[in-house]
Amino acid sequence: MTTIHVQRIGDTALLPQSEFEQLLRLARRCEQISLQMREDDVPTLALMRLAEQSGAFDFWKDDGEDIYSREDGEAV
């Protein structure tokens, strides 16, 4: 059995190069494969979706610790 790890971004999937190559080897056992690859950087929108879906910024949703009171600081 082969396990493939994929990160989905909308209708696009990102996976490690080694696992992509394993998929190609498996597919070539069944039939001839025509591979068309884009070597671009990840588009800005895709990168934004990845950051949003990964949970990397979920800490902003937390209430956080209330470390200040009305007595802190100086009057303006």
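The values are calculated or read from the model by the stated rules, or taken from the named source; none is laboratory data. Note that the structure is a prediction, hence the values are computed from the model and not measured. We place every Cβ from the backbone using ideal geometry, glycine too, and count neighbours over all the protein chains shown.
Key figures for this structure:
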{"quantity": "Search result, residues across the range 15-71 that are basic (Lys, Arg) and part of a loop (DSSP other than H, G, I, E, B)", "calculated": "38, 70"}
{"quantity": "Residue pairs meeting the criteria (Cβ under 8 Å; at least 6 apart or on separate chains; first closer than 18 Å to residue 55 by Cβ, in the range 1-17; second modelled with pLDDT of 80 or more and assigned to a loop (DSSP other than H, G, I, E, B))", "calculated": "5/15; 5/16; 6/15; 7/15"}
{"quantity": "Complete set of residues in the range 21-55 that are exposed (fewer than 10 other Cβ atoms within 10 Å of the Cβ), under 26 Å from the mean Cα position of the chain (by Cα) and not charged (D, E, K, R)", "calculated": "35, 36, 37, 44, 55"}
